[in-house]
1. So which residues in segment 73-129 are surrounded by fewer than 14 Cβ atoms within 10 Å (Cβ to Cβ) and of a type in the set (Ser, Thr, Tyr), if there are any at all?
2. Which of the residues belonging to segment 167-204 are more than 22 Å from the chain's Cα centre (by Cα) and among the small types (Gly, Ala, Ser)?
3. Is segment 443-465 home to any residue that is out of contact with any helix residue (DSSP H, G or I) (no Cβ under 6 Å at 6 or more places or on another chain), in a helix (DSSP H, G or I) and under 25 Å from SER110 (Cβ atoms)?
4. Hey, could you check segment 347-364 for residues that are surrounded by fewer than 21 Cβ atoms within 10 Å (Cβ to Cβ) and more than 23 Å from the chain's Cα centre (by Cα) and say which is farthest from GLY202 (Cα to Cα)?
5. Output the residue which, of all residues in segment 424-476 that are touching a residue at least 60 places away in the same chain (Cβ under 8 Å) and either more than 30 Å from ALA146 (Cβ to Cβ) or acidic (Asp, Glu) (or both), is surrounded by the most Cβ atoms within 10 Å (Cβ to Cβ).
6. Hey, among the residues in segment 275-300 that are among the charged types (D, E, K, R) and not in a loop (DSSP other than H, G, I, E, B), which one's surrounded by the fewest Cβ atoms within 10 Å (Cβ to Cβ)?
7. Just checking, does segment 417-424 include any residue being of a type in the set (Asp, Glu), under 30 Å from VAL261 (Cα atoms), in a loop (DSSP other than H, G, I, E, B) and touching a Phe, Trp or Tyr at 6+ places or on another chain (Cβ under 7 Å)?
8. Given (1) closer than 21 Å to PRO292 by Cα; (2) buried (at least 20 other Cβ atoms within 10 Å of the Cβ), identify the lone condition not met by SER52.
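The values are calculated or read from the model by the stated rules, or taken from the named source; none is laboratory data. These figures come from a predicted structure and were not determined experimentally. For neighbour counting, all protein chains shown are included, and Cβ atoms are generated from backbone atoms with ideal geometry for every residue, glycine included.
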Amino acid sequence: MKFSDREFKSASESVKEKIARGREIQAEWAGLPVGERVRHIQRIQRFIAENSATIAETISLENGKVPVDSLATEVLPAALEVHYYSRMAKRFLKPRKIKSSSLLVAHKRSRIYRKPFGVIGIISPWNYPFGIPFPEIIMALLAGNAVILKTAGNMPKVTQVLLDCIGRAELPEGLFQSINLPGRIAGDGLLEGGIDKLFFTGSVESGKYLMKKASETLTPLVLELGGNDAMIVCKDADLDRAAAGAVWGGFSSTGQSCGGVERLYVAEEIFEEFLNMLKTRVTAINTQTDNPYACELGSMTTAKQREHVRRHVEDALQKGAVIAARSNIPDDPTKFYYPATILINVNHEMDLMKEETFGPVIGVMPFKTEDEAIRLANDSHLGLTGSVWSKNRRKAIRIGRQINAGAITINDHLMSHGLPETPWGGFKQSGIGRTHGRLGFDEMTQPQVVVDDILSFTKNNLWWAPYNRQQFESLQGLINTFKGSGFKKRVYGFRAFLKIIGRMF
């Protein structure tokens, strides 16, 4: 979709009007008791329960992923999320007391309150067209915000299902609105229109552009960008489970998961054995489309993304990589199928191992030591997720803690995005901020501290004017009372401090 300057100006004005409309109703919405906001959101649960199959099938038809992936990775997490955030909203938004740091200021009672930003903008991608924006919308609304949503333009049917879903909450008119603009133009429109905070999921390049644009107005951002995620298989791992996990983590949603397995590092002692198990599983992937519910590998979503994957594989092959295993694909030129592919003899000079491939391809390398595995896993400008596979879970956690990524799973991969209680976000160029869990919920509000003086009947604080030498020495004595070296110095400090107590009254 190309826009002329005149069309862009008109679209921007429309976005600005929607933001203004959302801001008008947001104050009233935020003023409702949390429990009342929760009651609105809970109405969505029944819609998901009664329409789960329809939602999954709509995602599959438009996105290309198989029905089980659509249900398991998008619809089921949405059902869990609306229940979890509705249950936890009061706790997350409850004012929190802050313990006093010292007896000196014990009369200053502090609390942190959470205030909604106002109008939240959400720009979501095509790879999880229902599952990514859904929790962000729910958290934003429960926290007391209005929402402006921009979904992927090539997912109109999924977008409509999502809008129908949120519509069941019977929200005040204007509180939740959507816009239909290309991603970068939408970002410009939202930021120039005065959005209070922007959540974006997409490419590193687009994220950097939006961050630069947001700096003009200091608009806060949460960015969930690319991944080139590593999976480490230790020599004591359950190899059968690890092989099954690699196939699911690498090829679920046809590999179009920012947190999917792209780089696989295997202890050299078990490399051949594990590779054979991996080959067996990959070649056995069911790609028959006559029974879509049994099909295990769907179509890629766009021709452009399939070509990107081909370029990565071609680059690797030209630099010495070898295809160790490939699945079949259906003979259907109307779709964008690409076979599940395992490459060996790979190295970190190849695009496949340096950049996000975002397709059903895994590069597999052996490692000699744990330190080497950790070094290889961290040799990336991205750091979204990672996983470690070992029967010794304590060791696996120790290794995982050394991987520079935002989410680490032990003996599993990718699925933490479906846990509503766990935060989601990355290190390095994989983004900033978090979605999901309490940390994600906190991103929907600003912390405001209120300091209440329970001795407000006094006339002065010790550090108020008028200033004089005795006040200076008494305050110095106060420091010595609490932090002085030796009993004698503390006693003298306390005596000096007592000389100015009277000025409080």
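1. Within segment 73-129, SER100, SER101, SER102 qualify.
2. GLY167, ALA169, GLY174, GLY189, GLY193, GLY194
3. No, segment 443-465 contains no residue that is out of contact with any helix residue (DSSP H, G or I) (no Cβ under 6 Å at 6 or more places or on another chain), in a helix (DSSP H, G or I) and under 25 Å from SER110 (Cβ atoms).
4. If we take residues in segment 347-364 being surrounded by fewer than 21 Cβ atoms within 10 Å (Cβ to Cβ) and more than 23 Å from the chain's Cα centre (by Cα), then ASN347 is farthest from GLY202 (Cα to Cα).
5. GLU443
6. My answer is LYS279.
7. yes
8. The number of the failed condition is (2).
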